[in-house]
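Remarks on the structure that follows.
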Amino acid sequence: MRVRLKRDSLEADIAPDIGGAIAAFRHDGRDIFRVTDPLAIAEFPMAPYVNRIADGRFRWRGETITLPRNFGEHPHPLHGIGWQRAWTCAVLNASSARLRLVHAADATWPWRVTMERLIALTASGLEVAFSLTNDDDRPMPASIGLHPFFPAAGAVVKLHTGAQVLTTDDGIPVRTAHTAVVDALAAGASVADLALDHCFAGWDGRADIAWPTHTLRIETAPPQRFVQVFTPAGAGYFCLEPQSAAPDAVNREGSGVVELAPGAALRFTTRFLIESR
């Protein structure tokens with residue numbers, strides 16, 4: 001199922017049945033997001049954890065939590081619980097829709113939660129407001145993020161960050177260091193020259209992506225302090241993922257995970273602002 005939003009020269013296709021995802025985002029017929037196989041989506045939400053949890057295990061309030069694999073034989077559960085499930089969708093008007101997912105505690109996440117996304121086309125681009133609410137009677141660890149895909153051809157990325165969280169081949173952070181790529185991204189780096197699957201800490205919540213014909217500014221409010229950059233060679237796309245924590249944050253102090261009290265919510269809004277060149 002697809003829901004199409006339209007406003008002037010902007011168009012977005014929403015996929016409530018596939019993770020409450022954005023299936024396409026276009027300006028004047030040009031794809032701003034990159035549609036990827038096999039799900040044919042271009043962005044999806046991450047919650048109640050972002051990226052991955054090492055071997056699906058962590059300690060929380062004296063208890064060992066073990067989560068099952070959720071992506072074939074990949075050893076680390078990925079991206080939370082919402083991206084593979086059907087969401088309910090209420091179309092608010094021609095240019096906006098609200099999506100909702102209610103999760104009962106189970107083996108995939110042993111706390112009750114509600115996720116909501118308000119997706120709206122604006123005068124200058126696309127806005128996604130995303131929230132995670134703890135419906136349980138126990139506190140829980142929480143982090144949220146967005147996972148958009150962008151066309152790689154001709155793209156230059158510019159962002160400011162304080163440190164680079166280096167990762168192993170399977171995407172689990174091992175140390176934090178300030179390396180040359182931090183300075184390269186601050187100046188503006190061609191995606192073709194990058195080989196990254198890294199999470200950057202100390203981000204100021206803004207990034208610019210420039211193509212030959214247009215520029216996309218990404219802004220988060222409140223400013224998110226972590227951003228994952230993934231540039232797979234030869235894939236034709238790259239990812240720049242605003243998020244509230246680093247991968248495996250539940251196992252690493254100071255990595256952004258928060259304790260969410262019963263009834264409390266974690267939320268942020270991301271704006272994708274388009275400017276023709």
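Kindly report, to the nearest 10 Å², the accessible surface of residue 158 as traced by a 1.4 Å probe over protein heavy atoms only.
90 Å²
Not counting ligands, DNA or RNA, and with a 1.4 Å probe, what is residue 49's accessible surface area in Å² rounded to the nearest 10?
10 Å²
Apply 1/(1 + (r/R0)^6) to the Cβ-Cβ distance of residue 104 and residue 74, taking R0 = 30 Å, and write down the FRET efficiency to the nearest 0.05.
Using R0 = 30 Å, I get an efficiency of 0.75.
Compute the length gained on full extension between residue 276 and residue 31: take 0.36 nm times their separation in residues and subtract their Cα-Cα distance, giving the result in nm to one decimal.
In short, 86.9 nm is gained.
Please list, short to long, the whole-number percent of alpha-carbon pairs of region 105-225 in consecutive 10 angstrom bins beginning at zero.
Here the calculated profile for region 105-225 is 10, 33, 34, 19, 4, 0.
So, with a 1.4 angstrom probe, what is the percent of accessible area on region 101-223 that is carbon and sulfur?
Reported share for carbon and sulfur atoms: 57 percent.
Heavy atoms only, probe 1.4 angstrom, no DNA, RNA or ligands counted: give me 18, 81 ranked by accessible area, highest first.
18, 81
Across every pair of different alpha-carbon atoms, what Kirkwood hydrodynamic radius in Å does the chain reach?
18.8 Å
Please compute the modelled spin-label separation between residue 186 and residue 129, points set 7 Å along Cα→Cβ, answer in nm with one decimal.
In this crude label model, residue 129 to residue 186 measures out at 3.5 nm.
Residue separation times 0.36 nm, minus the C-alpha to C-alpha distance between residue 92 and residue 174: what's the value?
Gain on extension, residue 92 to residue 174, equals 25.1 nm.
Per-residue HN-Hα couplings for region 205-210, Karplus 6.51 cos²θ - 1.76 cosθ + 1.60 at θ = phi - 60°, whole Hz, x for Gly and Pro?
Values, residue by residue: x, 10, 8, 10, 10, 10 Hz.
Provide Rg over Rh for region 1-84; use the alpha carbon set for both Rg and the Kirkwood Rh (inverse mean inverse pair distance).
1.13
I'd like the accessible area for residue 39: 1.4 Å probe, protein heavy atoms, all chains in place, Å² to the nearest 10.
70 Å²
How much mean residue ellipticity at 222 nm does the chain get from its helices, if each DSSP H run of length 4 or more adds -39500 (n - 2.57) and you divide by all residues, to the nearest 500 deg cm²/dmol?
When only DSSP H runs of four or more count, the value is -1000 deg cm²/dmol.
From largest accessible area down, sort 55, 136; use a 1.4 Å probe on the protein chains.
So, going from the largest accessible area down, we get 55, 136.
How large is the convex hull of the C-alpha atoms of region 117-159 per residue, in Å³?
127 Å³
Just going by the charge dipole of region 39-176, with Lys and Arg at +1 and Asp and Glu at -1 on Cβ, which of 124, 80, 108 is farthest out on the positive end?
Most positive-ward Cα: 124.
Given a 1.4 Å probe, how much area per residue of the chain is accessible, in Å²?
41 Å²
The values are calculated or read from the model by the stated rules, or taken from the named source; none is laboratory data. Note that the structure is predicted; figures quoted are calculated from it, not measured. For neighbour counting, all protein chains shown are included, and Cβ atoms are generated from backbone atoms with ideal geometry for every residue, glycine included. Side chains included, ligands, DNA and RNA excluded: accessible areas come from the protein's heavy atoms. Shrake-Rupley method; radii C 1.70, N 1.55, O 1.52, S 1.80 Å.
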